[in-house]
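The block underneath contains the structure these notes are about, expressed in structure tokens.
The values are calculated or read from the model by the stated rules, or taken from the named source; none is laboratory data. Quick caveat, the model's predicted, so the values are computed rather than measured. Every residue, glycine among them, receives a Cβ derived from its backbone with ideal geometry; neighbour counts consider all protein chains shown. Keep in mind that these areas ignore ligands, DNA and RNA; they rest on the heavy atoms of the full protein, side chains included. Shrake-Rupley method; radii C 1.70, N 1.55, O 1.52, S 1.80 Å.
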Amino acid sequence: NVDATSCDVGIFVGSAATNVNIDSISVSGANDHGILAVDTTGLTVQNSTVSGNGVAPTAGIAENKAIELVGTSNSTVTGNTVTGNLADGGIGVADDGATPGVDPGAPNAGTNSPATGDVVRSNAISGNYGGCGIVVASYNTSGVSNVTVGGALAGTANTLTGSPGQFGPHGPVIGGIVAAADAPGGNVTNVTVQGNNITGSGIP
């Protein structure tokens, strides 16, 4: 279990670490992300609890989610409980970019790395303030493609619960799922959002 009090990130997985498996742990107390992965491949985050992060978010981070994958490929986030995080919602998948691009998970630009082949399924997401439940977003020309959120098979649904009117230190509990190109030149293609359970969302 990771107590990330006074740290910006609870667990960081960088480009030199591939095929990492984060399984059955808890991460709490980070100023920003509970788990941040950048420019890696083959990551699995499963059966874990990520809660109480985003305590003192750093300015300039576009996607300051409890679990944030940036420029990752063929990675899976499954079976986790993501709740009570304070900064910017639940789970994010985004591309990475070099100057004049942006690393959406960090305050400075990164390297040109697309997010492709990632899967977000079977997660329970609730009570996360300041941002949406699941966000698949492109901020760079590297782009996001072939991402699956949920699925057609039994047991693959993400369950997202928003709380209209409930505010924390950095905003409301929004819930919901977003797939978007958030910057000029960004592109999101072949994203499947299927079979999820969404209640109380503050967005369409």
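Tabulated results
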quantity: Pair ALA56, THR111: separation of 7 Å Cα→Cβ label points (nm); calculated: 3.1 nm
quantity: Computed Rg/Rh of the chain, alpha carbon atoms with Kirkwood Rh; calculated: 0.93
quantity: Karplus (6.51, -1.76, 1.60) ³J(HN,Hα), θ = phi - 60°, over the stretch 70-80, in Hz, Gly and Pro reported as x; calculated: 10, x, 9, 9, 6, 10, 9, 10, 9, x, 9
quantity: Which of ILE177, ILE198, ILE203 is most accessible, then next, and so on - probe 1.4 Å; calculated: ILE198, ILE203, ILE177
quantity: Average accessible surface area per residue within the chain, 1.4 Å rolling probe, Å²; calculated: 39 Å²
quantity: Within a Gaussian network of the chain (alpha carbon springs, distance under 10 Å), most fluctuating of ASP95, ASP23, ASP103; calculated: ASP23
quantity: Table column - 3J(HN,Hα) (Hz), the stretch 184-193, Karplus curve with 6.51, -1.76, 1.60, x for Gly and Pro; calculated: x, x, x, 8, 10, 9, 6, 9, 10, 10
quantity: Mean separation of Cα contacts under 8 Å (6+ apart) over length of the chain, as relative contact order %; calculated: 16 percent
quantity: Of all accessible heavy-atom area on the stretch 61-204, the percent that carbon and sulfur account for (1.4 Å); calculated: 54 percent
